[in-house]
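The structure appears below as structure tokens.
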Amino acid sequence: MAHVHGAGRISAAVAGAPGAAVLASLALAAALPVTGDVRLLVAILAVLPAAATAVCLALLARSGVRAWVGSALVAAVSAAVLVLT
């Protein structure tokens with residue numbers, strides 16, 4: 001029974017986590033009360049550390065389901081912030 005959820009965690013780390021990280025960095029930039037140029041700079045600078053962190057957290061999740069739920073939750077909250085701003 002060892003590593004039963006390994007494929008789920010890896011697929012979440014490869015497919016789900018980077019997309020959620022991009023949405024999170026865009027939502028962060030959209031919520032800032034600054035000019036458009038500064039928003040773009042913040043989004044560009046924040047996306048690489050966010051993606052690396054998201055991939056690591058997806059790989060460290062206890063199961064594939066938890067990794068996918070975490071990525072989906074971050075993506076849903078980020079999408080809601082983008083729609084509301």
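Since every read-out is calculated from the coordinates, none of them should be taken as a lab result. Note that the structure is predicted; figures quoted are calculated from it, not measured. Backbone-built Cβ (ideal geometry, glycine too); neighbour counts: all protein chains shown.
For the chain, the longest principal axis of the Cα atoms and the long axis of helix 36-60 meet at an angle of about 10 degrees.
Determine the gain in length on full extension of the stretch Ala15-Thr85; use 0.36 nm per residue of separation and subtract their C-alpha separation, reporting nm with one decimal. Computed gain between Ala15 and Thr85 is 22.6 nm. Please determine, in degrees from 0 to 90 and to the nearest 10, the orientation of helix 17-31 with respect to the longest principal axis defined by the Cα atoms of the chain, where the helix direction is its Cα long axis. Compared with the principal axis, the helix lies near 20 degrees. Each of Ile44, Ile10 has some number of other Cβ atoms within 10 Å of its Cβ, and from fewest to most they run Ile44, Ile10.
Dividing the helix sum by the residues of the chain, where each DSSP H run of 4 or more adds -39500 (n - 2.57), gives a mean residue ellipticity at 222 nm of -26500 deg cm²/dmol.
Take each of the peptides 67-79, 11-23, average the number of other beta-carbon atoms within 10 Å over its residues, and list them starting from the highest.
11-23, 67-79
Helix 64-84 sits at what angle to the longest principal axis of the chain, using alpha carbons and giving 0 to 90 degrees rounded to 10? Its long axis makes an angle of about 10 degrees.
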